[in-house]
Amino acid sequence: SDNDYRKNNKGKMEKAQIDRIADIMFPSALQVVLGCATEPTLYKDYVSIIKKAKDKGVPNVSLTTNGQLITKDKITELIQAGCDEITLSLHGVYKKLYEKFMPGATYEKLHDFLSNLKEEKLRLGSKTPTLRINYTANPENVYELSDFFKVFKKYNISILQVRPVMQIGGVYNTLFINDIDV
């Protein structure tokens, strides 16, 4: 979501680089996570990396995404490739704050993705990928958390991970988290 980060971090790994990393690292890896700090579904063949990790015996393979580009067909491919977990970035319970904190994302596509994931897992009889929500809380969106399961319970979320927003360097923007009544 950071424009400066996106501006200064362009490019992608070539397939040969990915294959080399997979050959060296995957046989000893306990976990492979695609994503974190960038959107892995922008790489056209991201499902092949998950399949490669599972083929090399990685016990836990996950995808960290905003879910905006994942179609129902891709969900089927992810399930068939053996994806163990999807960590979905979601920083607002309702449309207004979700779209504010997820630039370029739409609330409707979020719910389409969540519905499609639930439907495809049911159709294929699969318990995986499990669904983890990564909710980065801040003074504006933290109060929406009280309605989180009212809105999202139907999607069978396995883990809700709430983290306070931090500046680079690990300093909290504010100590708002101490002032919340739970």
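The values are calculated or read from the model by the stated rules, or taken from the named source; none is laboratory data. It should be emphasised that the depicted structure is a prediction, and the values quoted were computed from it without experimental measurement. Cβ atoms come from the backbone with ideal geometry, glycine included; neighbour counts cover every protein chain shown. For the accessible areas, the whole protein counts, side chains as well, though only heavy atoms, and no ligand, DNA or RNA atoms are used. Shrake-Rupley method; radii C 1.70, N 1.55, O 1.52, S 1.80 Å.
Some notes on this structure:
- From E108, E120, residue being open to solvent by less than 20 Å² (accessible area, probe 1.4 Å), at pLDDT 95 or above and assigned to a helix (DSSP H, G or I): E120
Conditions tested, residue by residue: (1) within 20 Å of the chain's Cα centre (by Cα); (2) basic (K, R); (3) modelled with pLDDT of 90 or more; (4) farther than 21 Å from L34 by Cα.
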residue: D84; (1), (2), (3), (4): yes, no, yes, no
residue: Y98; (1), (2), (3), (4): yes, no, yes, yes
residue: N173; (1), (2), (3), (4): no, no, no, yes
residue: F176; (1), (2), (3), (4): no, no, no, yes
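- Of all residue pairs spaced 6 or more apart or on separate chains, those with beta-carbon atoms under 8 Å, a first member in the stretch 138-157 that is within 19 Å of E85 (Cβ to Cβ) and a second member that is loosely packed, with under 15 Cβ neighbours inside 10 Å are Y155/S115.
- Members of the stretch 6-24 found to be at pLDDT 90 or above, open to solvent by less than 100 Å² (accessible area, probe 1.4 Å) and not polar (S, T, N, Q), listed by number: A16, I18, D19, I21, A22, D23, I24
- For K127, the test of being surrounded by fewer than 17 Cβ atoms within 10 Å (Cβ to Cβ) and in contact with a Phe, Trp or Tyr (Cβ under 8 Å, 6 or more places away or on another chain) is failed.
- Checked across the stretch 152-163, the condition of being outside any helix (DSSP H, G or I) and buried (at least 19 other Cβ atoms within 10 Å of the Cβ) holds for no residue.
- Residue ID - nearest to the chain's Cα centre (by Cα), chosen from residues in the stretch 114-135 that are on the phi < 0 side of the Ramachandran plot and free of Cβ contacts under 8 Å to residues at least 24 places away in the same chain: K127
- Pairs are defined by a Cβ separation below 9 Å, a sequence spacing of at least 6 or placement on different chains, a first member in the stretch 2-27 that is among the aromatic types (F, W, Y), and a second member that is open to solvent by less than 90 Å² (accessible area, probe 1.4 Å) and modelled with pLDDT of 85 or more; the pairs so defined are F26/V32; F26/K52; F26/A53; F26/K56; F26/G57; F26/V58.
- Some residue of the stretch 51-74 being among the β-branched types (V, I, T) and in a helix (DSSP H, G or I): no
- Which numbered condition E77 fails, given (1) within 21 Å of L131 (Cβ to Cβ); (2) charged (D, E, K, R); (3) surrounded by fewer than 17 Cβ atoms within 10 Å (Cβ to Cβ): (3)
- Exclusive hit being in contact with a Phe, Trp or Tyr (Cβ under 9 Å, 6 or more places away or on another chain), closer than 30 Å to F148 by Cα, of a type in the set (A, V, I, L, M) and open to solvent by less than 80 Å² (accessible area, probe 1.4 Å), set L63, L97: L63
- T38 meets each of the listed conditions (1) β-branched (V, I, T); (2) modelled with pLDDT under 95; (3) over 26 Å from F101 (Cα atoms) apart from (3).
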